[in-house]
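The structure appears below as structure tokens.
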Amino acid sequence: MSENPIILGIETSCDETAISLIQDNQSGIPRILSNIISSQIDVHKEFGGVVPELAARSHSEKINLIAEKAIADSKISLDKISAVAATAGPGLVVCLTVGLNFGKALASSLEIPFIGVNHLEGHALSPKLQEKIEYPYLLLLISGGHSQFLSVNGLGNYKRLGTTIDDALGEAYDKTAKLLGIEFPGGPKLEKFAEKGDPNKFKLPKPIINKGGCNMSFAGLKTAILRITKSISCDQERFDLAACFQKTIEEILYTKSEIAIDEFCKINSINHSSFIVAGGVAANKGIRKKLIEISKKKKFHPIFPDLKLCGDNAAMIAMVGLEKFKVKNFDSLDLAASPRLALDKNAKFLKGAGVKL
Ligand code: KG4
Ligand code: ZN
């Protein structure tokens, strides 16, 4: 085994088949040896969303090839790998199972430890592939399935400060994009539309902006947009509506991040730290700009993962695998997929009509 541990990470929780090898480094920032991501956008495009059975089949068809490419790119031989880490949840069970089974078989044949990883913890630790970050830090996780503020107190140690009470932010982007006639997945293209529009043309609601602490709500925005789309007739108005949606999201995140920073400081008895924004939506340039502004105002250090590490990838899974490897937190080969894994297991379920904030 080489001196610095090498972890092979596997991600198949949704519609990306990804495998990456990373190696620990004296600098404290692990080196990414390879990071292969194969997206299934073309498989699901015509259905306007991810079809679980098609996604699972595509993972099964591609995973061998992706593994071969990741290992070849890393230029290391199989016997140098210290452990295999695979996403165990949350996600689509049929998809998770493909990566888990592949990872278990590989770990077993190489006679090395197997580590199950919470996909959300992957996003939470993803910036550690770029920069040394001390615990505790504040995390805003914004992806297709989750929108949460968390105090990250250590590996496996999370306190949720706020969450969406309805749609996840990525979901809100994708649904709004669909209403504007943008094909799936709409988030990145909606951002491009917004650049061509007037952000002050339409007034959109900011649900629960003045209540519920740093909890968030995005479903009302979609309803308002649906109403407006019925009366718009030209491309320019679609660009304007995209720009108004983008601006409203930026303002909601600015306000809610300020509240989250205050709550973080209160529970950790400190007045500055890092503010990490991770998950697919963290690729959005407008959101980045606005969250840098609030970080500066509150004297927090803003950190965003590189674009390649924002969306689903396996380097972030290997990153968690590496931290777990160092404390010998291994799993047995009968670990099952967990579609509903959370980061803060004690946090209350806060979703649906009638939720008390
Ligand atoms: O983290 P991720 O790759 O997958 C999940 O774990 O959900 O996030 C995917 C989400 C999608 O909803 C996608 O539309 C959104 O991230 N997204 C964006 C942008 N890039 C990806 N949303 C807004 N602006 C972007 N630039
Ligand atoms: Zn994700």
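Read-outs throughout are calculated quantities, based only on the coordinates presented, and are distinct from any laboratory measurement. Keep in mind it's a predicted model, so treat the numbers as computed, not measured. Here the Cβ positions follow ideal geometry from the backbone for every residue, glycine too, while neighbour counts run over all protein chains shown.
Normalising the average separation of contacting C-alpha pairs (under 8 angstrom, six or more residues apart) by the number of residues puts the relative contact order of region 135-304 at 26 percent. Here the contact order of region 196-255, divided by its residue count and restricted to Cα pairs under 8 Å and six or more residues apart, works out to 55 percent. When Rg and Dmax are taken over the Cα atoms of region 248-300, they come to 11.0, 31 Å.
Relative to the longest principal axis of the Cα atoms of the chain, helix 52-74 runs at roughly 60 degrees.
If R₀ is 25 angstrom, what is the calculated FRET efficiency for the pair residue 293 and residue 29, using the beta carbon separation as r and rounding to 0.05? With R0 = 25 Å, the Cβ-Cβ based efficiency is 0.40. Counting neighbouring beta carbons within 10 Å and listing from fewest to most, the residues 285, 159 come out as 285, 159. In sequence order, region 332-346 has phi-based couplings of 7, 6, 9, 4, 9, 5, 10, x, 10, 4, 10, 8, 9, 5, 8 Hz under the Karplus curve 6.51 cos²θ - 1.76 cosθ + 1.60, θ = phi - 60°, and Gly or Pro positions carry x. May I ask for the longest run of the chain untouched by GluC sites (Glu not before Pro) that are loop-located per DSSP and have at most 16 neighbouring C-beta atoms (other than their own) within 10 Å? Result, exposed sites excluded: 184-357. Over the chain, Cα pairs under 8 Å with separation of 6+ residues give a relative contact order of 24 percent. Dividing the summed -39500 (n - 2.57) terms of all DSSP H runs of n ≥ 4 by the residue count of the chain sets its mean residue ellipticity at 222 nm at -13000 deg cm²/dmol. Distances between placed amide hydrogens fall under 5 Å for residue 163 paired with 149, 215, 216, all partners being 5 or more residues away or on another chain. Counting neighbouring Cβ atoms within 10 Å and putting the fewest first, the residues 173, 158, 254, 137 line up as 254, 137, 158, 173. By the rule of a C-alpha distance below 22 Å, with chain neighbours fewer than 8 residues away ignored, the lysines paired with residue 45 are 62, 175, 178, 189, 192, 222, 308.
The chymotrypsin sites (Phe, Trp or Tyr not before Pro) of region 312-357 that meet both conditions, a loop assignment by DSSP and at most 13 other Cβ atoms within 10 Å of the site Cβ, are 349. Quarter the surface of the alpha carbon convex hull of region 135-304 and you get the mean projected area, 9.2 square nanometres. Counted over region 135-304, the DSSP beta bridges are approximately 60% antiparallel. For residue 131, no residue 5 or more places off, or on another chain, has a built amide H under 5 Å of its own. Computed from phi, the 3J(HN,Hα) profile of region 134-146 under the Karplus parametrisation 6.51, -1.76, 1.60 (θ = phi - 60°) reads 8, 7, x, 9, 8, 10, 10, 9, 10, 9, x, x, 9 Hz, with x in place of Gly and Pro.
Rounded to the nearest whole Hz, the Karplus-based 3J(HN,Hα) values (6.51 cos²θ - 1.76 cosθ + 1.60, θ = phi - 60°) of region 255-265 follow the sequence 5, 5, 5, 4, 5, 4, 4, 4, 5, 4, 5, with x at glycine and proline.
Give me the one-decimal Kirkwood hydrodynamic radius in Å for the chain, with the sum taken over alpha-carbon pairs.
Evaluated over the chain, this radius sits at 20.9 Å.
Taking the Cα centre of region 135-304 as origin and assigning +1 to Lys and Arg Cβ atoms and -1 to Asp and Glu Cβ atoms, the resulting dipole is close to 280 debye.
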